[in-house]
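The values are calculated or read from the model by the stated rules, or taken from the named source; none is laboratory data. This one's a predicted model, so the numbers in the text were calculated from it and none came from an experiment. Cβ coordinates were reconstructed from backbone atoms using ideal geometry, including for glycine residues, and neighbour counts include every protein chain displayed. Side chains are part of the model used for accessible areas, which takes the heavy atoms of the whole protein and leaves out ligands, DNA and RNA. Shrake-Rupley method; radii C 1.70, N 1.55, O 1.52, S 1.80 Å.
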Amino acid sequence: MLEGALLIRRQRVPLGLWGATYAAGLVFGLALAALILVRLGVPAPALWQEFVVQTFLTSQGLGQTVTAMIPLVLVGLGTALAMRVQFWNIGIEGQLWLGAMAATWVSLHDIGPAALRLPLMLALSMLAGAFWIALPLALKLLWGVSEVISTLLLGSIAFFWVQHQLFGAWRDTATGFPTSPTLDAVERLPLLGWGQVHAGLWLALGAVALAALVIGVTRLGFYARAVGENRRAARAAGLPVLLIVCSFVLGAGALCGLAGAVIVTGTEFRLSQSIGAGYLFSGIVIAYLARSNPLAVLVVSFLLGGLYTAGGVLKVFYGISEAMVLLVQGVVLLSVLAAQLFADFRVETRRAA
Amino acid sequence: MTPKPKTPIARPGAHPASGRAPALLLRGIDKSFDGHRALQGASFRLGWGEVHALVGENGAGKSTIMNVATAVYAADAGEVIVDGRDVPLRGPADAMAAGLGMVHQHFRLVGSFTVAENVALALRGAGNNVTLPEAARLLSDRADELGFRLDAGARIDELSIAERQRAEILKVLLLGAGILILDEPTAVLTAEEARALLTLVRALAREGHAVVLITHKLREVAAYSDRITVMRQGRTVLDAAPSEGLDMGEVARLAVGEMPPTPPRVTARPGAPLLRIAGLSARRADGSPALDGLALDLAEGEVLGIAGVGGNGQSELVDLLSGLRRPDAGTIRLGPHDLVGASPARRRAEGLRVIPADRFDSAMAPGLTLAENLALTGVSSGRFGSRWLLDRARMRREAERLIAANEGRGGGPGTKAALLSGGNAQKLLLAREVSSDARLLVAHSPSRGLDLRATQAVHQAIADGVARGMACLLISEDLEEIMSLSSRVCAINNGRLSAPMPVAEVTPERLGALLVGHA
Ligand SMILES: Nc1ncnc2c1ncn2[C@@H]1O[C@H](COP(=O)(O)OP(=O)(O)OP(=O)(O)O)[C@@H](O)[C@H]1O
Ligand SMILES: [Mg+2]
């Protein structure tokens, strides 16, 4: 008879085991999700078709998944960078909104020559995102205010600000809806000729490559690791802790701001109240599952993009409610997260004699 | 389930009855952690009414075998027999019920509770629904019996380490422990406190309890124990009684291998004045003064020992010197420079090096590899790559060199620092800090928790540095350590420093008076 179990932390996690637990968690979660969907009346063969073939194996489906992945990579990376220096950025959506607003502002006022408009929108969105995270960062550094609260609250403030603009000065007079007017052609990220996939892909991949390089081979990346592992030891060793923390946290804000601009200029072509929803959740899940590793952020974002794409299909073609789609996605993510336990710990059972 | 008795005090047999089964018998114990074999057929035999010392080098498996005995870990193989009964223990609660109580090196007390509340919590957890006044009475009765005082109404975090330890021991006794296991109980105590504890332990043995004393201090072993078990690399290599004419030198050799022939001695050749501290004051978080107008002078090539009971301002002094904290008042001059406003980086550049009491608090990162930890302070000088790029191959080679130079065991450059034994980690930390450009070393309890050999290696590293002209401020609770390395000694008490005296004039009595005095 099983009398109980002990969890023993593994001294190191073999790479193969790590991959295997992820895969097992994913398979388990997907099976559970399939069970739920079949009970909801989705025919079982269609599941394979929608979840796997249509999201990953056809060119069109893959294109949709990659499009969904682009902003996910940026917010995931942003969260991961901040996590590396022990800064818990719960204000991802706030920085994203600020970035989206900055891009929209440039477009509305037609600032700069047309050829430079798009780069300007992107650059300004990064500045805006960095600015929005600089406030809680300053509060934390000066007075020890917990960034968990301050970034979260600033996220709400940013959303109210967006609403204020959309219901006021920025409302599209052509339609009367609370959205900004659509962007001009020069203000959009060029399409790559593969479904909706746009040049934001290069930005996302570039950001991943840059982050991987910084973390992997530079002095700054090494210092950041030391700060994340033991800040007091890093300070005592004479490392420029303030500089490291600021550069990583501001970089994180900039990436989240860029994500906002990429959504506006790449897929939506206008600012609306719904473009930022869900990115807080996604960003944290991605950074956590990827263990703050930039390359893993890319992989996890890709899979999550597929999950979201499939969710859209379920909603539209099978009449599954939004709530059920969220439930199914939650089941899959929870399984993957829970499976990590088996990578980190060995389970030792005790049996009665 | 059988109902628990109302009074928890299950007394062991009143006398060390001969012919009775041993209190604790461990045989052929194997235990691996992730393929690392911590115990290989280890054994241990404890009789009633005896104080049994368990010694051995860092990582020998002393804590592990006792964790197996108290069913914190399940052994891979072997048997645990308590008082002759071969009943399987399935967890710490079973072990407690069988009369086994362990006091771990890190106490398991709730800091914001009073002593009585902690005891009541533990008793209730064991199924004995005592009220708070009952718990307080049990406590003071038992303390009276054992001949010491403990305020049952005092909050744990207001107590000194020694008092907390007594509270923990009383808690375990009140839970009905006939067999008491103390894991390095004297490591955090001053000589005076240690003596009191060991006297208490002897009294418990006279009552008929069986006591296991894990320790690195062979002097205690010789004076206070009835039997000695030596462990080495997961095996039991000796079980004997000092009364049977056991040679303690032989025990030391068995425990830690061949020792260097002579313990390090510092020959002080004080040179130019180097460090001058004046009027240094700082407050704790609660506003009470931690340091109160502290002043001292230290010359090159000299070791100044600061003796004192922990918690009298030592940690604050170390943080003020390393630059992790700013003083409220005072000056710290190193050579011509005032360091009070200087960053830790500036201080390091001036040759200041620090070994804190807890290396993973402010010296090393447990999650980084050895190579990374060893390079942590050197990267900024450009030794491991350019301003932008890091040369990991260089870091690796340097780590290999340092590990080899310190006959390092237990890990290579890629091993996480957390996995190293305390002694090995400390030796590497010293190798990093006591480099040729170190001018002042601040060392806080540098040998705490280390075995004899590691302690000697650490002392040797300090002595070597001092011989090169480095100054050392040695802050320690261990009087023996202070006396063997320092040329002058002061006592710290309540954030104040006594006037230094030459080591030749120091007697335990004189120093003892300074440590507790309110001068
Ligand atoms: N929970 C654990 N997980 C993995 N390895 C462990 C664990 N506990 C102990 N070890 C390893 O087992 C060996 C024995 O450790 P143990 O703590 O018993 O040594 P010890 O004799 O008590 O040493 P010390 O004098 O330093 O306290 C060491 O190599 C240690 O690294
Ligand atoms: Mg131990």
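Odds and ends about this structure:
Results for (1) within 14 Å of chain A (Cβ to nearest Cβ); (2) open to solvent by less than 50 Å² (accessible area, probe 1.4 Å), shown as yes or no for each residue.
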position: B:G305; (1), (2): no, yes
position: B:Q314; (1), (2): no, yes
position: B:V354; (1), (2): yes, yes
position: B:A371; (1), (2): yes, yes
position: B:A393; (1), (2): yes, no
position: B:R397; (1), (2): no, no
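- Against the conditions (1) within 30 Å of A:L15 (Cβ to Cβ); (2) open to solvent by 10 Å² or more (accessible area, probe 1.4 Å); (3) within 14 Å of chain B (Cβ to nearest Cβ); (4) small (G, A, S), A:A224 satisfies every one except (2).
- Filter pass, A:S282 being open to solvent by less than 40 Å² (accessible area, probe 1.4 Å), within 13 Å of the chain's Cα centre (by Cα) and within 14 Å of chain B (Cβ to nearest Cβ): no
- Scope region A:307-353; condition within 14 Å of chain B (Cβ to nearest Cβ) and open to solvent by less than 60 Å² (accessible area, probe 1.4 Å); matching residues: A:A343, A:D344, A:F345, A:E348, A:R350, A:A352
- Test: residue in region B:110-130 that is more than 14 Å from every other protein chain (Cβ to nearest Cβ), under 16 Å from B:V212 (Cα atoms) and more than 16 Å from ligand 2 (Cβ to nearest atom): no
- Identity of the residue in region A:8-52, surrounded by fewer than 12 Cβ atoms within 10 Å (Cβ to Cβ) and in contact (Cβ under 8 Å) with a residue 24 or more places away in the chain, that ends up nearest to the other protein chains (Cβ to nearest Cβ): A:R9
- Restricting the first member to region B:156-184 and to residues that are free of Cβ contacts under 8 Å to residues at least 24 places away in the same chain, and the second to residues that are away from ligand 2 (no atom under 16 Å from the Cβ) and assigned to a loop (DSSP other than H, G, I, E, B), the beta-carbon pairs closer than 7 Å and six or more apart or on different chains are B:E163/B:L150.
- Within region B:323-342, the residues that satisfy the criterion of being over 24 Å from B:A285 (Cβ atoms) and either within 14 Å of chain A (Cβ to nearest Cβ) or assigned to a loop (DSSP other than H, G, I, E, B) (or both) are B:G335, B:P336.
- Residue ID - farthest from A:M101 (Cα to Cα), chosen from residues in region A:244-279 that are of a type in the set (S, T, N, Q) and either open to solvent by 40 Å² or more (accessible area, probe 1.4 Å) or without any contact (Cβ under 8 Å) to a residue 60 or more places away in the chain (or both): A:S247
- Selection within region A:187-221 - outside any helix (DSSP H, G or I) and more than 9 Å from chain B (Cβ to nearest Cβ): A:R188, A:L189, A:P190, A:L191, A:L192, A:G193, A:W194, A:G195, A:Q196, A:V197, A:H198, A:A199
- Taking the listed residues B:S445, B:S476, B:S498, B:S486, the one that is touching a Cys at 6+ places or on another chain (Cβ under 7 Å) and not hydrophobic (A, V, I, L, M, F, W, C) is B:S498, with no other qualifying.
- Matching residues, region B:169-188, being within 16 Å of ligand 1 (Cβ to nearest atom) and not in a strand (DSSP E or B): B:E184, B:P185, B:T186, B:A187, B:V188
- Just so you know, in region B:42-62 the residues that are open to solvent by 40 Å² or more (accessible area, probe 1.4 Å) and away from chain A (no Cβ under 14 Å) include one that is nearest to ligand 2 (Cβ to nearest atom), and it is B:S43.
- Meets criteria (in contact with a strand residue (DSSP E or B) (Cβ under 9 Å, 6 or more places away or on another chain), exposed (fewer than 14 other Cβ atoms within 10 Å of the Cβ) and among the aliphatic types (A, V, I, L, M)) for B:A272: yes
Per-residue answers, yes or no, for (1) outside the structural domain of B:L334 (by TED's automatic domain parsing); (2) small (G, A, S):
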{"site": "B:R235", "(1), (2)": "yes, no"}
{"site": "B:L238", "(1), (2)": "yes, no"}
{"site": "B:S243", "(1), (2)": "yes, yes"}
{"site": "B:M248", "(1), (2)": "yes, no"}
{"site": "B:V251", "(1), (2)": "yes, no"}
{"site": "B:P264", "(1), (2)": "yes, no"}
{"site": "B:T267", "(1), (2)": "yes, no"}
{"site": "B:A278", "(1), (2)": "no, yes"}
{"site": "B:R283", "(1), (2)": "no, no"}
